[in-house]
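Read the structure below first, then the notes.
The values are calculated or read from the model by the stated rules, or taken from the named source; none is laboratory data. Quantities reported herein were computed from a predicted structural model and do not represent experimental measurements. For neighbour counting, all protein chains shown are included, and Cβ atoms are generated from backbone atoms with ideal geometry for every residue, glycine included. SASA here: full protein model, heavy atoms, side chains in, ligands and nucleic acids out. Shrake-Rupley method; radii C 1.70, N 1.55, O 1.52, S 1.80 Å.
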Amino acid sequence: MSQVFGTPRNPAYTVTRTDRFGRPISLDLRTPEGNSVLFTGPPGMGKTVELDRAQALAEQQGWIGIRVDASPREPLENRFVRRVTDDLGAIRKRYGMLGARRLKKLVKDLGQRNRSRQNGAELRVMPVPFVQGVAKTQWEAGNQDSVGSTLNELAGQLGELAANRKPPEPVLLMVDNLDVASERDLAALTELAAHLEQQRRPVFLIAAGGELAATRLMAASGGRSRVATGVTGRFDVREVGPLSDDELRPALTEPLRQAGIAYEPEAVARLVRSANGDPTRLRDLSETALPMALARGGVTVDVAKAATAQVNDKSRVLYQAAWNNCSDSEKELLAKVAAHGPQGLSLPGDTGLAGLGRWQELDDDRQQLVARGMLRDDGQRISVADQGLQEWVQARVGQSAAHLGIAPPTAATPAITAESARPTATRDYKGMTFQINS
């Protein structure tokens with residue numbers, strides 16, 4: 001934690017994000033245009049921070065705010081039921097004994113319903129003349145035929161409590177990390193969104209996921225909820241994308257100014273350019289530069305260069321892990337884009353992609369790399385999102401943009417020694433967790 005820059009979840013300077021119409025996307029600054037909101041964007045752009053702001057608003061106003069993380073191992077219904085159970089004390093204080101008693105009974109019933117018990121018998125034939133009978137019991141998470149019903153009933157009961165207040169109070173049901181949610185959970189959320197729209201009560205679903213979240217919701221709803229074609233229209237989709245340099249710069253300069261730390265404009269410009277619109281990377285650069293700045297009397301150009309080099313060097317093992325996680329065709333596309341430097345290349349018109357296979361396969365690779373935060377697509381061109389990754393890929397594949405007359409060649413990546421190959425910890429990069437080496 002930095003006393004100058006704050007924490008990732010509570011930064012010293014909060015950027016006010018806006019959409020393409022110039023409207024703020026945060027729920028504490030602009031109310032939803034329906035009962036369901038979906039924050040989407042690449043990894044590390046601040047989707048969780050937007051949920052934090054919504055949760056803080058609920059706490060400030062005294063509203064019910066139930067928040068869970070999606071999990072590939074446990075249904076959302078179970079997580080919501082458990083979280084509501086944990087919050088019954090606060091709900092009782094807010095809405096009284098009678099309302100809390102009804103809600104407690106419902107969550108107890110829902111918890112039992114979501115575990116269907118299957119009993120059976122198994123016969124094991126032993127050497128004659130013995131026959132062994134074994135009772136067999138199996139517990140399974142809820143019924144596929146009732147996908148979404150648990151969340152709908154829970155939302156209905158919470159909505160009744162909130163509607164009885166004068167004036168009615170909002171209830172926020174928040175779900176983070178949709179990228180790991182099961183198809184069943186995604187279908188349940190589309191059912192819930194449809195239910196909330198029909199009920200017209202002050203209950204709001206607020207979810208956050210990656211670039212493919214809306215597409216996955218639409219696909220999951222098909223054949224179950226009959227709302228596949230209406231998913232994107234039912235959700236108020238708010239994009240949490242890369243920031244412009246002008247938007248990102250104050251996140252560096254304002255904390256420095258408040259801390260009384262001098263900085264050179266060119267040094268700030270270098271760090272902001274290296275961040276390339278990514279607030280998470282800017283934080284890494286800023287935190288790395290801070291000790292050097294304190295020792296040298298401010299953030300200078302030399303400090304900015306050294307901080308960028310350190311961050312890129314520290315990230316090499318994560319770049320390698322992300323590269324290893326790519327398919328062969330994804331690696332080829334990533335290498336092509338990296339070789340064109342910061343400006344990237346256009347799709348589908350750039351002739352440099354002609355040899356990479358069919359356009360459909362190429363587009364699938366592009367979508368996957370964008371979803372993992374490795375490539376960036378602005379609708380006209382694709383480029384490598386992370387400047388350090390771009391340089392690493394150029395060196396890794398033995399290519400550089402210099403071959404195209406764009407930039408000087410980069411040095412080869414140092415070999416990994418036996419000692420450096422020892423696993424020591426795990427770190428996250430672009431939403432992926434990797435085991436890293438010393």
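The table for this structure:
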quantity	calculated
Distance in nm between pseudo-label sites at ALA90 and ARG200 (7 Å out along the Cβ direction from Cα)	3.1
Computed label-point distance, nm, for sites ASN324 and PHE21 using a 7 Å Cα→Cβ extension	4.7
Set of lysines near LYS93 by C-alpha distance (under 22 Å), chain-local residues within fewer than 8 positions excluded	LYS104, LYS105, LYS108, LYS166
GLU264 - accessible surface, heavy atoms, 1.4 Å probe, Å² rounded to 10	80
Rounded accessible area of MET218 (nearest 10 Å², 1.4 Å probe)	70
Sequence of SER149, SER71 from largest to smallest accessible area, 1.4 Å probe	SER149, SER71
Nearest-10 value in Å² for the accessible area of TYR263, using the 1.4 Å probe	90
Separation of the GLN310 and TRP359 label points, Cα + 7 Å toward Cβ, nm	4.7
Stretch gain in nm, segment ARG83-LYS105, where the contour uses 0.36 nm per residue and the Cα spacing is subtracted	6.5 nm
Cross-link reach list, lysines versus LYS47, counting only Cα pairs under 24 Å and skipping chain neighbours closer than eight places	LYS430
Highest average packing first - 21-32, 38-49, Cβ atoms within 10 Å	38-49, 21-32
